[in-house]
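The values are calculated or read from the model by the stated rules, or taken from the named source; none is laboratory data. The structure displayed is predicted, hence computed values, not measured ones. Here Cβ is always computed from backbone atoms with ideal geometry, including for glycine, and neighbour counts include all displayed protein chains.
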């Protein structure tokens, strides 16, 4: 279980009058239970990706505490949080020149997988293993291919919490449809773990157990899919959706 207690995050911003603190997140408190598929949505600039990076340990909160399975992990860096059981998939996956897909999956698993076992993870994300297992994780791969390879590494890690930052960003429709299929399979197999996805996409929201809406660095809504999704569907934009929720 992940628990955020009064998380705030500020950054220094240069203005004509000098440096000022800009508030990105303000007093965020929420709990992500085990065996839960959570989607965090809301307008651009609302703090969603920042919150994901704070959970992963890429950024440190200005105030507040983060508990994971009852342990205070606020001071842990990204490596130690990964060891504690938190996976993070970037909005723009990292390319690794000189590293083959097989090596990357083995690194993620933390053990020397057989080629057949590594290929199974690629098959789960809809990639033909023989076409990818020995390829380098470099610019020759498309955005959609990189996203699915990154998800394969998350599957190989099999951690207690998997966080995905806007997995639909920068990919084509065919790749997006495959991603939805992958997430549906992950949702069906949740066991003693949780999945958190930052997304605007209705099809991803429809898979969720719980939806959290962030707006201007604050929680505008937090509830089950049945409670929150009807208020979002049909609005012209996530910004309007958040205004509707905030005004209630």
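Among residues of region 37-62 that are at negative phi and free of Cβ contacts under 8 Å to residues at least 40 places away in the same chain, those with a beta-carbon under 8 Å from a residue that is surrounded by fewer than 19 Cβ atoms within 10 Å (Cβ to Cβ) and assigned to a helix (DSSP H, G or I) at least six positions away or on a different chain give the pairs 58/78.
Listed by position, the helices (runs of 4 or more DSSP H) inside region 111-176 whose residues that are over 28 Å from residue 46 (Cα atoms) and within 15 Å of the chain's Cα centre (by Cα) number at least 3 are 143-157. The residue that is farthest from the chain's Cα centre (by Cα), among those in region 187-203 that are closer than 20 Å to residue 105 by Cβ and surrounded by fewer than 21 Cβ atoms within 10 Å (Cβ to Cβ), is 189.
Residues are listed down the side, and each one gets a yes or a no for (1) under 18 Å from residue 134 (Cα atoms); (2) assigned to a loop (DSSP other than H, G, I, E, B):
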position	(1), (2)
67	no, no
74	no, yes
82	no, no
87	no, no
97	yes, no
102	yes, no
105	yes, no
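Here 184, 227 are screened, and the one residue that is over 29 Å from residue 79 (Cβ atoms), at pLDDT 90 or above, out of contact with any helix residue (DSSP H, G or I) (no Cβ under 9 Å at 6 or more places or on another chain) and in a helix (DSSP H, G or I) is 227. Suppose the filter is in a strand (DSSP E or B) and either at pLDDT below 90 or touching a helix residue (DSSP H, G or I) at 6+ places or on another chain (Cβ under 6 Å) (or both); does residue 219 pass it? So residue 219 does not fit the description; no. Restrict the check to region 9-27 and report whether at least one residue is in contact with a strand residue (DSSP E or B) (Cβ under 9 Å, 6 or more places away or on another chain), assigned to a strand (DSSP E or B), free of Cβ contacts under 8 Å to residues at least 40 places away in the same chain and within 22 Å of residue 207 (Cα to Cα). There is no residue in region 9-27 that is in contact with a strand residue (DSSP E or B) (Cβ under 9 Å, 6 or more places away or on another chain), assigned to a strand (DSSP E or B), free of Cβ contacts under 8 Å to residues at least 40 places away in the same chain and within 22 Å of residue 207 (Cα to Cα). Got at least one residue in region 57-79 being modelled with pLDDT of 90 or more, buried (at least 21 other Cβ atoms within 10 Å of the Cβ), in contact with a strand residue (DSSP E or B) (Cβ under 7 Å, 6 or more places away or on another chain) and over 30 Å from residue 10 (Cβ atoms)? No. Within region 154-168, restricting attention to residues that are free of Cβ contacts under 8 Å to residues at least 60 places away in the same chain and within 13 Å of residue 107 (Cα to Cα), the residue that is surrounded by the fewest Cβ atoms within 10 Å (Cβ to Cβ) is 158. Of the residues 201, 177, the single one that is without any contact (Cβ under 8 Å) to a residue 12 or more places away in the chain and under 26 Å from residue 142 (Cβ atoms) is 177.
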